[in-house]
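Chemist: Mind looking over this structure? Questions follow.
The values are calculated or read from the model by the stated rules, or taken from the named source; none is laboratory data. Nothing here was measured: the structure is a model prediction, and the numbers come from that model. Note: ideal-geometry Cβ built from the backbone for every residue, glycine included; neighbour counts use all protein chains shown. In case anyone asks, the SASA skips ligands and DNA or RNA and just uses the protein heavy atoms, side chains included. Shrake-Rupley method; radii C 1.70, N 1.55, O 1.52, S 1.80 Å.
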Amino acid sequence: MDSVMLKPADAEMILDMNNAAVPNVNEATEAELAELIEMSELTVALRDGETVLGFVLTLPPGVDYGSENYRFFSERYDRFIYVDRIVVAEEARNRGIGVKLYDLISEYAAQHGIPRVLCEVNLEPPNPGSLRFHKRIGFVEVGQQRTKGGTYLVSLLAKEL
């Protein structure tokens, strides 16, 4: 298994995996994913040969991103790495891929003096597996908010490094 830093031109590589994970992550077009990768300092895929097992797309503070959750964190923290989306392929689940992706984020944060990792997990519609996973690896809830016109309720999570 190897890790690959993704560039905007690699958006097609993760598009189907991203959209298969809706509603746990936002649906996106290839152009939207490419734009997010462009804003990102760290977007990584784990691969086994040519097969993508999972990926994570993170954002730093100060980017022009319309996400209600990103805005919540930006109003409260000045130094962070925000996990906009992390997706593990269905067939690769329960193999430690999510932990490996978060290890890469933690290594990056340590190298750059970033004190915390932030993310959110859906409570409505429910995503109990992701919530259990994030709590198990050290995330704690720092808030909740309704998004998308009240149709989603998210748990806003932080992990201090």
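Chemist: Give me the accessible area per residue for the chain, probe 1.4 Å, as a whole number in Å². Don't jump to the answer; show the numbers that get you there.
Modeler: Numbers: 8110 Å² over 161 residues.
In whole numbers, the chain has 50 Å² accessible per residue.
Chemist: May I ask you to evaluate 6.51 cos²θ - 1.76 cosθ + 1.60, the Karplus curve with θ = phi - 60°, for each residue of region 109-120 and list the ³J(HN,Hα) values in order in whole Hz, giving x for glycine and proline?
Modeler: Working through the residues one at a time gives 4, 4, 5, 10, x, 8, x, 7, 10, 10, 6, 9 Hz.
Chemist: Under the Karplus relation 6.51 cos²θ - 1.76 cosθ + 1.60, θ = phi - 60°, what is the ordered set of whole-Hz ³J(HN,Hα) values for region 36-44, x standing for Gly and Pro?
Modeler: Along region 36-44, the couplings run 5, 4, 4, 6, 6, 9, 8, 10, 10 Hz.
Chemist: Once you keep just the Cα pairs under 8 angstrom separated by 6 or more residues, what percentage relative contact order results for region 31-103?
Modeler: 31 percent
Chemist: Which percent, to the nearest 5, of DSSP beta bridges fully inside region 16-161 are antiparallel?
Modeler: On the way: 28 of 30 bridges.
Within region 16-161, antiparallel bridges account for around 95 percent of the total.
Chemist: Would you work out what percent of the accessible area of the chain, with all protein chains in place, is carbon or sulfur (probe 1.4 Å)?
Modeler: Details: 3880 of 8110 Å².
Using a 1.4 Å probe with all protein chains present, the chain comes out at 48 percent carbon and sulfur.
Chemist: Quick one: which residues, 5+ away or cross-chain, put their amide H under 5 Å from the amide H of Gln144? H built at 1.01 Å from N.
Modeler: Counting only residues 5 or more places away or on other chains, the set is Leu156.
Chemist: By average Cβ neighbour count within 10 Å, what is the ranking of 30-36, 152-158, 20-26 from highest down?
Modeler: Working: 30-36: 16.9, 152-158: 19.1, 20-26: 15.3.
Most protected by this proxy first, the peptides run 152-158, 30-36, 20-26.
Chemist: Give a quick list of chymotrypsin sites (Phe, Trp or Tyr not before Pro) in region 34-97 that DSSP marks as loop, anything other than H, G, I, E or B, with at most 11 other Cβ atoms within 10 Å. Walk me through the intermediate numbers first.
Modeler: Values: sites: Phe55, Tyr65, Tyr70, Phe72, Phe73, Tyr77, Phe80, Tyr82; in loops: Tyr65, Tyr77, Phe80.
Hits after loop and neighbour filter: nothing returned.
Chemist: Ok, one more. Mean projection of the alpha-carbon convex hull of the chain over all orientations, in nm²?
Modeler: Value for the chain: 8.6 nm².
Chemist: Counting only other residues whose beta carbon sits under 15 Å from that of Gln111, what net charge do I get with K and R as +1, D and E as -1?
Modeler: -1
Chemist: HN-Hα J couplings of region 72-83 from phi, Karplus 6.51/-1.76/1.60, θ = phi - 60°, integer Hz, Gly and Pro as x?
Modeler: 3, 5, 4, 6, 10, 10, 9, 10, 6, 10, 9, 7
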